[in-house]
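The values are calculated or read from the model by the stated rules, or taken from the named source; none is laboratory data. Since we're looking at a predicted model, the values are computed, not measured. Note that we place each Cβ from the backbone using ideal geometry, even for glycine, and neighbour counts take in every protein chain shown. In case anyone asks, the SASA skips ligands and DNA or RNA and just uses the protein heavy atoms, side chains included. Shrake-Rupley method; radii C 1.70, N 1.55, O 1.52, S 1.80 Å.
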Amino acid sequence: MSVTVIDHPLIKHKTTIMRMAETSCKEFRELADEITMIMCYEAFKDVELKEVEIETPVAKTKAQVMAGLKLAVVPILRAGLGMMSGVLKIIPSATVGHIGMSRDEESLEPVEYYCKLPSDIENRLVVLVDPMLATGGSAIDAIDRMKERGAKRIKFLCLFAAPEGIEAIEKAHPDVEVYIANVDKCLNEKGYIVPGVGDAGDRIFGTL
Ligand code: PRP
Ligand code: URA
């Protein structure tokens, strides 16, 4: 399995502001969007290119464009919605699927409440987004569901990950390419990432 921790000063700076308890939900949302866009540079490094002939105002030249990339971006509801627009700004032609998962507060087990995926998911590179990888349960179940529907190539982008979640997803889905902006220390007794950002969905949607 490939796990890439994106080590970049812009990401460090922006995630530090996200962590601060006093950061407003408007700013939190904007930062999640910006960091996701930066992560896309790394995540799409291996996209295939093809050569085309173009004409600039000065000369004819050969240049490169993406070779028919078919992408599906899939946010895990709710908090994943905070990363969706970042991916769509970079690849606007992507289709969008949604998976609704809610973590049971006692057992920490994910409960699926919604799933709508592109019908041709087997022909698409799937980019699953969720800012938080805590126990890993939600991401693992979302990937299970996408594979059941035929998804073959999956990249997972998250902003904050606990070592426990990374280990769990590596074990359950060794074929998935994982991109992480921050690896945090641990989980607390309530399953929250420490130091983390608290409840990412509440911080994005202002439902604190
Ligand atoms: C959060 C987060 C992940 C999940 C991570 O969602 O957005 O989906 O928890 O935890 P895990 O790795 O232990 O499964 P939550 O269930 O709080 O729902 P929300 O996004 O609607 O707030
Ligand atoms: N979900 C969140 O929103 N935050 C955490 O720290 C863990 C799971």
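Could you tell me which numbered condition residue 103 fails, if it satisfies all but one of (1) modelled with pLDDT of 95 or more; (2) touching a helix residue (DSSP H, G or I) at 6+ places or on another chain (Cβ under 8 Å)?
Unmet condition: (1).
If you go through the stretch 167-207, how many residues are more than 8 Å from ligand 2 (Cβ to nearest atom), in a helix (DSSP H, G or I) and within 16 Å of the chain's Cα centre (by Cα)?
3
Return yes or no: is residue 1 at pLDDT below 95, over 19 Å from residue 194 (Cα atoms) and open to solvent by 40 Å² or more (accessible area, probe 1.4 Å)?
Against the criterion (at pLDDT below 95, over 19 Å from residue 194 (Cα atoms) and open to solvent by 40 Å² or more (accessible area, probe 1.4 Å)), residue 1 qualifies.
What residue, among those in the stretch 143-165 that are of a type in the set (A, V, I, L, M) and not in a strand (DSSP E or B), is nearest to ligand 1 (Cβ to nearest atom)?
Here the residue is 162.
Would you mention how many residues in the stretch 189-208 are within 12 Å of ligand 1 (Cβ to nearest atom) and over 18 Å from residue 33 (Cβ atoms)?
9
Okay, residues lined up against (1) within 27 Å of residue 92 (Cα to Cα); (2) hydrophobic (A, V, I, L, M, F, W, C); (3) surrounded by fewer than 24 Cβ atoms within 10 Å (Cβ to Cβ):
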{"residue": "112", "(1), (2), (3)": "no, no, yes"}
{"residue": "131", "(1), (2), (3)": "yes, no, no"}
{"residue": "141", "(1), (2), (3)": "yes, no, yes"}
{"residue": "151", "(1), (2), (3)": "yes, yes, yes"}
{"residue": "157", "(1), (2), (3)": "yes, yes, no"}
{"residue": "161", "(1), (2), (3)": "yes, yes, no"}
{"residue": "175", "(1), (2), (3)": "yes, no, yes"}
{"residue": "186", "(1), (2), (3)": "no, yes, yes"}
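Using the structure shown, decide if residue 32 is more than 16 Å from ligand 1 (Cβ to nearest atom) and open to solvent by less than 50 Å² (accessible area, probe 1.4 Å).
It is false that residue 32 is more than 16 Å from ligand 1 (Cβ to nearest atom) and open to solvent by less than 50 Å² (accessible area, probe 1.4 Å).
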